[in-house]
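Engineer: The structure under discussion is supplied below as structure tokens; questions concerning it will follow.
The values are calculated or read from the model by the stated rules, or taken from the named source; none is laboratory data. Worth saying up front: this structure is predicted, and the values here are computed from it rather than measured. In this analysis, Cβ positions are derived from the backbone assuming ideal geometry, glycine residues included, and neighbour counts consider all displayed protein chains. The accessibility values were calculated without ligands, DNA or RNA, using every heavy atom of the protein model including side chains. Shrake-Rupley method; radii C 1.70, N 1.55, O 1.52, S 1.80 Å.
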Amino acid sequence: MLQPGDSATTHSRPAGHGCRRVAVLIPCYNEEATIADVVAAFRAALPSATIHVYDNNSTDRTGEVARAAGAVVRREAHQGKGHVVRRMFADVEADIYVLVDGDATYDAPSVRALIARLIEDRLDMVVGSRVDSAVAAYRPGHRAGNRLLTGFVSAVFGHAFTDMLSGYRAFTRRFVKSFPVLSGGFEIETEFTVHALELGLPVAEVPTPYYPRPRGSSSKLHTWRDGLLILWTIGRLYKSERPQSFFAAIGGVLALAAIVLAMPIFATYLREGTVPRLPTALLATGLMLLAFLSLTCGMVLGTVTRGRREIKVLAYLRQRALEDDTEIIPPPPSGGG
């Protein structure tokens, strides 16, 4: 929460490698049982990074525990992970951003590998691909849903990820400050993925251990409800990013239905010279007109989408890229802390 003297925009202090500032962003909802351990783990992995915890209307002591652990705590009133991420990206100023959940299931030491890959390969997003360390870490329903959704996105937008729904990611400032967050919930990870693939941004994955939730904490993700919401988001993004294909498919279905209805009418007309089923003929004509209208909408919206994509690219290019630096990641503190 904002304290007296705090400004709305938070600046992360230098992270110890060159002039780069690293911000660790942790959206939280009722994570009192785990947030202190998460903050401590990332403090040990990145001693000079600024750790930001955004409390999303928790009913427990998440904010107090996070502040006591040394994090900068803010509150986001709009419920949902997407709303929290939008606020984080707007508020926090840094050169490198690490986004991670506050449930202690992600491996904090792996953050060094994510950032190293981001800098060495001059990428804009690196995803921590989850490798479960125990059977209980990754529920079968979540695993199957993740594979299905990742495969669908790969087929539609291009293959780049094996774990599209991972909540562990590293970003450049260029990505964060040019990314228009539109989602409100857990579908934000899908939006990250589609945005990167649509603009052809340089991205990669790094395998990271994935652990079961500690005792006393519970998942906020509902397999069926959130899975359907993510699937709906993919369809919505497909319509907005691939309107020609989307409306061509609708037009094709309408045209096929019109042809099926019209064929018997044409056969009767050629054989008898009359049109006995006028309502069916009118329906077939209407469906064919709708098919052509759908194709026209697709072509018009395709031009609009191209213009939107150009605006996104220009917004991305307005942000400076990470500068070359001889020191990529500061050495870990000695003494096993």
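Engineer: Where residues in the stretch 262-300 are open to solvent by 100 Å² or more (accessible area, probe 1.4 Å) and touching a residue at least 12 places away in the same chain (Cβ under 8 Å), which of them is nearest to LYS239 (Cα to Cα)?
Structural biologist: Checking each candidate, the answer is MET299.
Engineer: Select from the stretch 33-88 the residues that are among the β-branched types (Val, Ile, Thr) and either over 19 Å from GLU189 (Cβ atoms) or assigned to a strand (DSSP E or B) (or both) and list them in ascending order. Break it down into steps so the answer makes sense when it comes.
Structural biologist: Filtering the stretch 33-88 for residues among the β-branched types (Val, Ile, Thr) gives 34-35, 38-39, 50-51, 53, 59, 62, 65, 72-73, 84-85.
Result: THR34, ILE35, VAL39, THR50, ILE51, VAL53, THR59, THR62, VAL65, VAL72, VAL73.
Engineer: Moving on to the next point. Return the pair list, or none, for Cβ contacts closer than 9 Å from residues in the stretch 190-216 that are without any contact (Cβ under 8 Å) to a residue 24 or more places away in the chain to residues that are assigned to a loop (DSSP other than H, G, I, E, B) and acidic (Asp, Glu), at least 6 apart or on different chains.
Structural biologist: Listed by first residue and then by second, the contacts come to nothing, as the list is empty.
Engineer: Evaluate the following for ALA255: is it open to solvent by less than 50 Å² (accessible area, probe 1.4 Å), more than 30 Å from ARG21 (Cβ to Cβ), in contact with a Gly (Cβ under 9 Å, 6 or more places away or on another chain) and at pLDDT 90 or above?
Structural biologist: no
Engineer: Right, next: When only residues in the stretch 160-188 that are open to solvent by 10 Å² or more (accessible area, probe 1.4 Å) and outside any loop (DSSP other than H, G, I, E, B) count, which is nearest to ILE311 (Cα to Cα)?
Structural biologist: Here the answer is ARG174.
Engineer: Quick check on the stretch 125-146: of everything there that is of a type in the set (A, V, I, L, M, F, W, C) and either open to solvent by 20 Å² or more (accessible area, probe 1.4 Å) or over 13 Å from GLY167 (Cα atoms) (or both), which residue is modelled with the highest pLDDT?
Structural biologist: Ranking the candidates gives VAL131 first.
Engineer: Considering only residues that are at pLDDT below 90 and within 14 Å of GLY200 (Cα to Cα), which ones fall in the stretch 307-316?
Structural biologist: Correct list: ARG309 only.
Engineer: Among the residues of the stretch 245-278, how many are polar (S, T, N, Q), over 25 Å from GLY302 (Cα atoms) and in a helix (DSSP H, G or I)? Don't jump to the end; show me each part of the working.
Structural biologist: If we filter the stretch 245-278 for residues that are polar (S, T, N, Q), which is where we start, we get 245, 268, 274.
This time we only want the ones that are over 25 Å from GLY302 (Cα atoms), so: 268, 274.
Remaining after also requiring in a helix (DSSP H, G or I): 268.
Within the stretch 245-278, residues that are polar (S, T, N, Q), over 25 Å from GLY302 (Cα atoms) and in a helix (DSSP H, G or I) number 1.
Engineer: Next question, about the same structure. Restricting to the stretch 205-214, and then to whatever is open to solvent by 30 Å² or more (accessible area, probe 1.4 Å) and either of a type in the set (A, V, I, L, M) or assigned to a strand (DSSP E or B) (or both), can you tell me which residue is nearest to ARG242 (Cα to Cα)?
Structural biologist: GLU205
Engineer: May I ask you to list pairs of residues, at least six apart or on different chains, whose Cβ atoms are under 6 Å apart, with the first in the stretch 142-160 being under 20 Å from PRO207 (Cβ atoms) and the second being not in a helix (DSSP H, G or I)?
Structural biologist: Close Cβ pairs (under 6 Å, with a partner that is not in a helix (DSSP H, G or I)) amount to ASN146/LEU165; THR150/MET164; VAL153/MET164; ALA160/VAL203.
Engineer: Report the residue count in the stretch 96-116 for those that are part of a helix (DSSP H, G or I) and buried (at least 22 other Cβ atoms within 10 Å of the Cβ).
Structural biologist: Counting residues in the stretch 96-116 that are part of a helix (DSSP H, G or I) and buried (at least 22 other Cβ atoms within 10 Å of the Cβ) gives 4.
Engineer: Could you list all residues from the stretch 37-90 that are on the phi > 0 side of the Ramachandran plot and either buried (at least 21 other Cβ atoms within 10 Å of the Cβ) or under 19 Å from the mean Cα position of the chain (by Cα) (or both)?
Structural biologist: Residue satisfying the conditions is GLY80 alone.
Engineer: Okay, moving on. What number goes with the only condition from (1) in contact with a Leu (Cβ under 6 Å, 6 or more places away or on another chain); (2) modelled with pLDDT of 90 or more; (3) among the hydrophobic types (A, V, I, L, M, F, W, C) that ALA196 does not pass?
Structural biologist: For ALA196, the failing item is (1).
Engineer: Still on this structure: Go through the stretch 254-313 residue by residue and tally those that are out of contact with any Pro (no Cβ under 8 Å at 6 or more places or on another chain), closer than 30 Å to SER178 by Cβ and basic (Lys, Arg).
Structural biologist: 3
Engineer: Further, regarding this structure: Which residues, taken from the stretch 190-204, are open to solvent by 30 Å² or more (accessible area, probe 1.4 Å), outside any loop (DSSP other than H, G, I, E, B) and in contact with an Asp or Glu (Cβ under 7 Å, 6 or more places away or on another chain)?
Structural biologist: If the condition is that a residue be open to solvent by 30 Å² or more (accessible area, probe 1.4 Å), outside any loop (DSSP other than H, G, I, E, B) and in contact with an Asp or Glu (Cβ under 7 Å, 6 or more places away or on another chain), then VAL203 is the only one that fits.
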